[in-house]
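Read-outs: derived from the displayed coordinates by stated rules, not from any lab. Source: prediction; values computed, not measured. As a convention, Cβ positions derive from the backbone with ideal geometry for all residues, glycine included, and neighbour counts pool all protein chains shown.
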Amino acid sequence: MIKTKKLRKLFNDKEVIYVMGAHNGLSAKLVEQSGYDAVWASGLEISASYAVPDANILTMTQYLEKSSEMNEAGSLPIVSDCDTGYGNSNNVIYLVKKYESAGIAAICLEDKLFPKVNSFIGGRQELAPIAEFVGKIMAAKNTQRDENFMVIARVEALIAGWGEREALLRAEKYVEAGADAILIHSKRTDPDEIISFAKKWDKRAPLVVVPTTYPSLMQNFSDTDLSGLGIKMVIFANQGIRASIKAMGKIMSDMRQSRGAVSVEKEVATLKEVFELQGMIQMKDSEKKFLKSENSDFNVIILAAGAPQHGDDLEPLLRDRPVALLDINGQSLIKRNLETLSRFSVNEVCVVTGYCSEQFNLPDATLIHNPDYEGKNVLHSIVAAEEKLKGKTLLAYADILFDRGIIEKLLKCDEDIVLVGDATFKKVNMNNRRKDFLVTDEMPKITYRSIDLNKLKCIRKIGGDTLPEEAHYEFVGLALLSDRGSKIFKEMYHTMAKENKMEILNDKITINDVFQEIINRNIPISMLEVNSGWIEIQTFENYKTACYLLSPQTEGTR
Ligand code: SPV
Ligand code: MG
């Protein structure tokens with residue numbers, strides 16, 4: 001609902017409208033969260049937030065900017081304190097146009113002389129002639145386009161010491177000029193003059209009060225009592241900024257005195273609360289929907305269920321943890337990969353766990369437990385996470401560490417199924433290493449130095465009985481499937497299981513069999529050639545290399 005209408009409805013429907021002062025988007029948000037009906041864009045708070053006096057030092061544009069900021073921060077209507085209107089009736093005409101088009105629900109104009117000073121400052125409290133102020137109210141009402149936009153006339157006669165008669169006379173004239181409500185202000189420490197005024201005023205127009213100096217009004221009068229007196233709106237004008245000044249000052253000086261050695265965590269808002277207030281959570285959601293790039297919008301499935309195989313020389317290190325949780329210089333293998341992936345716009349990371357699954361603690365990932373992992377191959381884990389294999393999906397083995405560059409290159413591929421292959425396996429010691437060999441339509445020409453690694457190869461054969469001598473590449477354990485590729489892959493293993501009259505889950509079919517069958521049925525599978533950017537952790541030697549390559553000293557020299 002448009003905010004002018006919202007405020008008008010509150011005037012019609014609510015016994016008493018509760019309004020809290022604020023000075024920026026953040027404080028306005030807190031007002032809303034605390035359950036108020038509207039926000040008072042307080043002149044005192046806004047000027048204090050600039051560390052300048054509440055005496056028309058700031059310009060209308062500065063006040064308006066803050067009102068707009070508060071308006072945009074939430075769904076509450078804004079009642080803007082516009083002081084005297086920043087000049088004469090000409091300024092008021094301009095002001096109403098600007099405030100109305102900014103979506104402000106109501107303005108409040110006070111009958112003092114420009115430049116005003118805050119009502120609680122002794123001395124200069126000069127009232128404008130009645131006629132002049134009546135002219136401003138008429139100008140405001142004549143300018144507004146939305147019938148629900150409200151103009152509140154603020155009577156300062158009690159503040160200036162001109163007495164109740166003058167206050168009543170002024171209120172009368174302002175309502176005749178079209179004011180929608182009267183703000184009767186008082187600096188007394190008891191509510192007596194407000195009560196007396198209200199009784200004599202006798203509900204000729206709704207009253208607004210600001211009980212800064214007379215909080216006993218709120219202690220001694222219920223909403224029904226206030227309503228009976230014609231008091232429709234209560235504004236707590238400045239307590240918010242006063243609370244923050246005190247709290248900020250205390251924390252800042254406590255921290256300075258203790259050199260930050262004392263934790264103030266319990267006394268300050270959590271970062272999560274700050275992020276929520278500034279809309280970071282919504283921003284993340286919109287990023288998912290709208291922040292499109294070549295690298296955006298894909299899911300990741302990390303296949304981390306496997307147990308160490310008997311005879312692996314890593315076995316002693318993996319007695320109480322899966323390989324994904326192997327510590328590499330203070331951070332686990334999987335956390336390093338997740339950190340790399342966090343630089344991309346990933347929809348969801350799903351980790352399929354099995355062996356030592358209770359050891360996984362990855363708040364940013366969806367964990368899917370595959371209880372039946374023992375002795376099974378990775379296809380078994382893919383099936384366990386089948387519902388996640390949809391859209392563009394990156395499949396990653398958990399025993400490899402990859403860098404950002406390799407993922408960037410992979411995401412640039414438009415083909416339905418792309419596997420990452422590396423030809424340098426021929427140069428490294430192959431003891432005790434499991435390999436998935438690839439034969440492609442082209443021999444690798446250059447294995448170490450090249451400037452044209454971007455052309456994709458076409459895979460002819462994968463895994464199975466492929467011998468190292470005939471292999472061109474090894475599959476590194478990273479594959480990117482498009483939405484169509486994901487469907488093809490899923491359909492294929494279901495078809496294979498049906499045709500062979502076997503359960504997929506009985507471990508007879510491997511991931512390589514599925515890829516091979518796809519190729520056999522003339523659906524192309526591409527291969528992205530890399531010769532760096534990844535390492536596998538299958539042997540103790542691999543592990544030592546990873547620790548060496550990722551030690552801070554080595555990383556610094558690269
Ligand atoms: C303000 O909040 O700026 C007001 C209310 O005008 S008071 O400061 O209480 O006068
Ligand atoms: Mg003010």
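Some observations on this one:
- Sorting 47, 381 by the number of Cβ atoms found within 10 Å of their own Cβ, with the fewest placed first, yields 47, 381.
- Alpha carbon centroid spacing (whole Å) that separates the range 223-292 from the range 122-137: 36 Å
- Per-q log10 I(q)/I(0), the range 3-238, q = 0.08, 0.14, 0.17 Å⁻¹ (Debye; single scatterer per alpha-carbon; no solvent): -0.24, -0.82, -1.31
- Mean-position separation - Cα centroids, the range 1-15 and the range 366-441, in angstrom: 59 Å
- The chain, helix-only ellipticity at 222 nm - DSSP H runs n ≥ 4, -39,500 (n - 2.57), divided by all residues, nearest 500: -11000 deg cm²/dmol
- Taking the number of Cβ atoms within 10 Å of each Cβ as an exposure proxy, the fewest-first ranking of 34, 526, 244 is 34, 244, 526.
- Taken over the C-alpha atoms, the chain has Rg and Dmax values of 35.5, 107 angstrom.
- Principal axis analysis of the Cα atoms in the range 130-233 yields extents of 40, 29, 22 Å, listed in decreasing size.
- Formal net charge of residues neighbouring residue 58 (Cβ-Cβ distance under 15 Å; K, R +1; D, E -1): -3
- Neighbour counts of other Cβ atoms within 10 Å put 82, 108 in the fewest-to-most order 108, 82.
- Formal net charge of residues neighbouring residue 30 (Cβ-Cβ distance under 13 Å; K, R +1; D, E -1): -3
- Against the chain, whose longest principal axis is taken from its Cα atoms, helix 192-201 shows a tilt of about 80°.
- Inter-site label distance for residue 499 and residue 14 at 7 Å from Cα along Cβ, in nm: 6.9 nm
- Anchor residue 288: aspartates and glutamates whose Cα lies under 13 Å away (excluding residues fewer than 8 positions away in-chain): 297, 348
- On the beta carbon distance between residue 289 and residue 340, with R0 = 22 Å, the FRET formula returns roughly 0.40.
- Exceeding the 21 Å Cα-Cα cut-off - candidates 284/392; 335/427; 9/203: 335/427
- Cβ-based net charge around residue 406, under 12 Å, with every Lys or Arg adding one and every Asp or Glu removing one: -1
- Rough spin-label spacing in nm, given labels placed 7 Å along Cα→Cβ, for residue 443 and residue 94: 8.2 nm
- Residue-wise HN-Hα coupling along the range 455-467, computed from phi with Karplus coefficients 6.51, -1.76, 1.60 (Hz; x: Gly, Pro): 6, 7, 9, 10, 7, 9, 9, 9, x, x, 8, 5, 8
- Evaluating 6.51 cos²θ - 1.76 cosθ + 1.60 at θ = phi - 60° for every residue in the range 106-123, the Karplus couplings come out as 8, 10, 10, 10, 10, 8, 10, 8, 7, x, 7, 10, 3, 5, 8, 8, x, x Hz, glycine and proline recorded as x.
- In this structure the amide hydrogen of residue 460, modeled in the peptide plane, comes within under 5 Å of the amide hydrogens of 439, 440, 441, none closer than 5 places in sequence on its chain.
- Rounded tilt (10° steps) of 163-176 against the dominant C-alpha axis of the chain: 70 degrees
- Remark on residue 350: its backbone amide H falls under 5 Å from those of 300, 301, 302, 366, a criterion applied only to residues 5 or more positions apart or on other chains, H modelled at 1.01 Å from N.
- Using θ = phi - 60° and Karplus 6.51 cos²θ - 1.76 cosθ + 1.60, couplings along the range 228-242 (whole Hz; Gly, Pro as x): x, 8, x, 7, 9, 9, 10, 10, 8, 6, 9, 5, x, 5, 5
- Unsatisfied cross-links (Cα-Cα over 21 Å) in the set 390/461; 412/435; 3/29; 29/232; 289/390: 390/461; 412/435; 29/232
- Cα long-axis angle, helix 89-101 against the chain (0 to 90 degrees, to the nearest 10): 30 degrees
- Approximate spin-label separation residue 455-residue 2, in nm, with each point projected 7 Å along Cα-to-Cβ: 6.4 nm
- Around the amide H of residue 17, modelled in the peptide plane, lie the amide H atoms of 233, 234, all under 5 Å away and 5 or more residues distant in sequence or on another chain.
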